[in-house]
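The structure under discussion appears below in the form of structure tokens.
All of the numbers you see were taken from the coordinates with simple rules; none came from a lab. Only a predicted model underlies this, so the values are computations on that prediction, with no experimental measurement involved. Don't worry about glycine lacking a Cβ; one is built from the backbone with ideal geometry, like all the others, and counts go over all protein chains shown.
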Number of protein chains: 2
Amino acid sequence: MPRTDALDLVLELVVLLGEDMAQSLAGDGLTVSRARLVWLLHHTGPSTQRALADALKVTPRNVTGLVDGLAQAGYVVRRPHPSDRRATLVTLTEHGAQKLTAMDAAHRELAELLFAGMPDAQYAAFVGGVEHVVARLREALR
Amino acid sequence: MPRTDALDLVLELVVLLGEDMAQSLAGDGLTVSRARLVWLLHHTGPSTQRALADALKVTPRNVTGLVDGLAQAGYVVRRPHPSDRRATLVTLTEHGAQKLTAMDAAHRELAELLFAGMPDAQYAAFVGGVEHVVARLREALR
DNA sequence: TATTGTTATACTCTATAACTATA
DNA sequence: TATAGTTATAGAGTATAACAATA
């Protein structure tokens, strides 16, 4: 007896969450792809484009484009790598860093919005359920 | 105390589910956008491009491109509308209909994969939790 | 006058391949 | 010879605007 209703509900959640994030990011002049890159920079510090490409699982060429857009929007700058003249270090600007700090806060507010008011027992069961599903998906994708 | 861990877990689920679907669809020569269109056709029958644009919440121009690609891939054909000569009715081909029936089965199998083995109590709590989160998101997006 | 779908144009994300500069 | 990042090229998804055919 497949539990397709739960899957459909999860798919709806995916759609709504995607809309919410895209809408919020658009307000900051960001796209999902660009946000992923600056989010990474924010949490790991200045990185070479090569490292970003590996972490984001996209091609180096793609990173060039994303960094171009982010630089034009004032989020990041390219700095020379101190010891390897082939490489560049992508670094958050002051403005970018401030925006990312604000995004951290927005992230916490979203968590608050979604889960505040949920009874502890249900919250625990929900987390357990998501972990279960994530584990199954990881196996399936391996 | 924001429950950011649950949000991060849900975001991971979104990523993994997206990868799983994209991988599966690529095997059928489909993209996510094209799959959404044929999925709609499969469940509502032949439709005008205008109706598809409204249902998918994209522009008519976008639908033109998606239908072009799906027609070339043999999933759909454009037929004249019987009473309105401005409009076309996008219809699944025999091949497309068979593929969609197979996708229905794959959908049930995915539900089976994700939720089989989950205790009834946890399943119920999980569904309740997702419903809670979906409701909150609906409010936020309104 | 309004609607359906198209052509024209443009931007973003994505990829592969060839090339430059450096290691 | 290998690596970092670029230019060149291409396809998909998305949008707006102008237009043709029809209602």
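Just grab the label-to-label distance for A:Asp84 and A:Thr64, each label 7 Å out from Cα along the Cβ direction, in nm (one decimal).
Placing both labels 7 Å beyond Cα along the Cβ direction yields 1.7 nm.
For the protein assembly as shown, list log₁₀ I(q)/I(0) at each q in 0.08, 0.10, 0.14 Å⁻¹, using the Debye formula over Cα point scatterers of equal strength and ignoring solvent, two decimals each.
Values, matching the q order: -0.44, -0.69, -1.18.
For A:104-110, what's the mean count of beta carbons from other chains sitting within 10 Å of each residue's beta carbon?
Average neighbour count from other chains, rounded to a whole number: 3.
In peptide A:116-125, what is the residue-averaged number of other protein chain Cβ atoms found within 10 Å of each Cβ?
Mean shielding count: 4.
Kindly identify the stretch B:93-142 as rounded, prolate or oblate by the Cα gyration tensor criterion: order the square roots of the eigenvalues as a ≥ b ≥ c, call it rounded if a/c is under 1.5, otherwise compare a/b with b/c, prolate if a/b is larger, else oblate. Please report the intermediate quantities before stating the final value.
Details: a/c = 5.98, a/b = 1.48, b/c = 4.04.
It is oblate, given that a/c is not under 1.5 and a/b is not larger than b/c.
Take the alpha-carbon centre of the stretch A:74-134, take the same for the stretch B:7-70, and report the distance between them in whole Å.
The two parts, judged by their Cα centres, are 27 Å apart.
Taking the beta-carbon count within 10 Å as an exposure proxy, list A:Ser33, A:Ser47 from fewest neighbours to most.
Values: A:Ser33 15, A:Ser47 20.
The most exposed by this proxy come first: A:Ser33, A:Ser47.
Using a label position 7 Å from Cα in the Cα→Cβ direction, what is the ascending list of nm distances from B:Pro119 to the same site in the other copies?
For B:Pro119, the inter-copy label distances come out at 1.6 nm.
Hydropathy at least 1.0 by Kyte-Doolittle, axial extent at least 15 angstrom from the Cα trace: which helices of chain B, defined as entire DSSP H runs, fit?
B:4-26
Specify, for chain B, the residue whose C-beta is closest to the rotation axis mapping it onto chain A, with the distance given in whole Å.
B:Ala125, 1
Quote the FRET efficiency, to the nearest 0.05, computed for B:Ala124 versus B:Val77 with a Förster distance R0 of 51 Å and r equal to the Cβ-Cβ distance. Don't skip to the answer; put the middle values down first.
Working: r = 44 Å, r/R0 = 0.87.
For B:Ala124 and B:Val77, the calculated efficiency is 0.70.
Bins of 5 Å, beginning at zero and ending with the bin holding the largest distance: percent of Cα pairs per bin for chain A, please.
2, 8, 14, 17, 16, 14, 12, 9, 5, 2, 1, 0, 0
Quick check: pseudo-label points 7 Å beyond the Cα along Cα→Cβ at B:Glu12 and A:Ala22, how many nm apart are they?
Modelled inter-label distance: 2.6 nm.
Set Lys and Arg Cβ to +1 and Asp and Glu Cβ to -1, take the dipole of the protein assembly as shown about its Cα centre, and tell me which of A:Val10, A:Leu37, B:Val90 lies farthest positive.
B:Val90
Shortest first and in nm to one decimal, what separations exist between B:Glu12 and its copies in the other chains, measuring from label points 7 Å along the Cα-to-beta-carbon line?
Result for B:Glu12, in nm, nearest copy first: 2.6.
I'd like the mean, over residues of A:12-20, of how many other protein chain beta carbons sit within 10 Å of each residue's own Cβ.
Details: counts 5, 9, 7, 4, 8, 9, 2, 4, 4.
If you average over the peptide's residues, the count of other-chain Cβ atoms is 6.
Please arrange A:Arg3, A:Arg61, B:Arg138 by counting, for each residue, the other beta carbons lying within 10 Å of its beta carbon, fewest first. Working shown, then result.
Values: A:Arg3 18, A:Arg61 9, B:Arg138 12.
If I rank by nearby Cβ atoms, fewest first, I get A:Arg61, B:Arg138, A:Arg3.
At A:Val32, with labels set 7 Å past Cα in the Cβ direction, how many nm apart are the copies from this one, shortest first?
Computed spacing set for this position: 0.3 nm.
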